[in-house]
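Notes follow the structure.
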Amino acid sequence: MIKINTKILSIVGITFLVIGLLAGGFIFYVKTSHAQTPLLPYQYDIIVQSQDPILQPNQSGLLVINLRNTGSEAWSTDQLFLNSIYTDGTNNRPNQFATDTWIDQTKLSALLSNNQALINPGNTITFYIPIKSPNLPALYQEIFQPYLGSIAIIGNPIKWLMQVGDQLNYQQTTGKQIKIWLSEQRIWAMENGIVVLNVPISSGRPGYRTPKGNYTIMNHIDTAYSSPYRLWMDYWMALKSDTYGFVGYGLHRLPYWRVKPGNRTEGEIIDGRLYTEGKLYEDYEHLGTPMSHGCMRLGIDSSRILYYWTPNGTPVNIV
């Protein structure tokens, strides 16, 4: 006859009981914690998205995306639009693919097939995005985010890789580099051959030529000051010529004067100058036209984004 040690059986039984209780408690915790995770008021899922387009320069096209409202609140269609955003999520990016059917160069509304006033949770809506490609061949990355008025709707990034042209030398490049087109008054930030930032600049006006050539980013200065012109320049990046070294040129935000508010109104534009937060930005309305003393001026948002994207030593090609 086999003798069973009752003490051992008791220990084993208690051990299994504890394991069972712990496992049950864990399962209960997972289920209840998952069930109690609240929905965000405004969020979306991508249901269907059109393929990355291949276009010729200055060719029209159409992007399509279908989104489901996965939040807890309805979307009012008269406030709903897609916003063109920068790589860091900053909104209202001027988009070179925009057409005159957009609200403006930064955003477009949904084209509704009926008089749908609300997109309730669980329902879907389709955005048709008319585009026209720029005349410079390249691979461009375009990113959008839906907005309800001033509220960003949260979800996976809406991205397309836009191929413009057939012969793309830029596809062969690696790492980060900057290319500036003086004839187009545009600047490209490229990463591994893809244009991830494509925005207007203002280079040297007549009498203050911006020299073409190959450069590298020499330094970063959060706020620089020009004594000859008594202007402040945020997000300054000096250019070092491959041939002559530093010759006084750089990339920076639109220059400004520090001024007292006086009778000024926040956001007002007078004579092409923007007043905001105690700063009067020179030639704000003329970005995209040669207006500088030789440097490359960028917009208020794009200058900051390029500044933090660009490490020292980044090659810069001005053509």
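The values are calculated or read from the model by the stated rules, or taken from the named source; none is laboratory data. A quick note: this is a predicted structure, and the numbers were derived from the prediction, not measured. As a convention, Cβ positions derive from the backbone with ideal geometry for all residues, glycine included, and neighbour counts pool all protein chains shown.
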Task: Residue within region 64-76 that is in contact (Cβ under 8 Å) with a residue 12 or more places away in the chain and over 21 Å from ALA152 (Cβ atoms) present - done: yes
Open item on the list: Could you tell me how many of the residues in region 29-47 are modelled with pLDDT under 95 and not charged (D, E, K, R)?
Closed with: 11
- [ ] Answer yes or no: is there a residue in region 208-225 that is under 20 Å from TYR308 (Cβ atoms), in contact (Cβ under 8 Å) with a residue 24 or more places away in the chain, among the basic types (Lys, Arg) and surrounded by 12 or more Cβ atoms within 10 Å (Cβ to Cβ).
- [x] no
Open item on the list: Quick check on region 272-288. Is at least one of its residues among the β-branched types (Val, Ile, Thr) and under 23 Å from the mean Cα position of the chain (by Cα)?
Closed with: yes
Open item on the list: Name the single residue that is surrounded by the fewest Cβ atoms within 10 Å (Cβ to Cβ) among those in region 118-163 being in contact with a helix residue (DSSP H, G or I) (Cβ under 6 Å, 6 or more places away or on another chain) and of a type in the set (Gly, Ala, Ser).
Closed with: GLY149
Open item on the list: So for region 244-260 (the condition being modelled with pLDDT of 95 or more, touching a strand residue (DSSP E or B) at 6+ places or on another chain (Cβ under 6 Å), closer than 23 Å to GLY89 by Cα and charged (D, E, K, R)), does at least one residue qualify?
Closed with: yes
Open item on the list: Looking at MET162, MET233, MET190 in this structure, which one is on the phi < 0 side of the Ramachandran plot, assigned by TED's automatic domain parsing to the domain that holds GLN49 and within 24 Å of the chain's Cα centre (by Cα)?
Closed with: MET162
Open item on the list: What are the pairs with Cβ atoms under 6 angstrom where one residue, in region 237-265, is assigned by TED's automatic domain parsing to the domain that holds SER303 and the other, located anywhere, is acidic (Asp, Glu) and assigned to a loop (DSSP other than H, G, I, E, B)? Sequence gap at least six, or different chains.
Closed with: PRO255/GLU282
Task: Residues of region 197-207 that turn out to be surrounded by fewer than 19 Cβ atoms within 10 Å (Cβ to Cβ) and not in a strand (DSSP E or B), as a count - done: 3
TODO: Identify the residue in region 55-70 that is surrounded by fewer than 16 Cβ atoms within 10 Å (Cβ to Cβ) and part of a strand (DSSP E or B) and, among all such residues, is farthest from the chain's Cα centre (by Cα).
DONE: SER60
- [ ] Answer with yes or no whether HIS220 is of a type outside the set (A, V, I, L, M, F, W, C), within 15 Å of HIS293 (Cβ to Cβ) and in the same structural domain as SER303 (by TED's automatic domain parsing).
- [x] no
Task: Meets criteria (of a type in the set (Asp, Glu), at pLDDT 95 or above and either in a loop (DSSP other than H, G, I, E, B) or within 27 Å of LEU39 (Cα to Cα) (or both)) for GLU73 - done: yes
Task: Search result, residues across region 40-54 that are outside any loop (DSSP other than H, G, I, E, B) and either within 20 Å of the chain's Cα centre (by Cα) or among the charged types (D, E, K, R) (or both) - done: GLN43, TYR44, ASP45, ILE46, GLN49
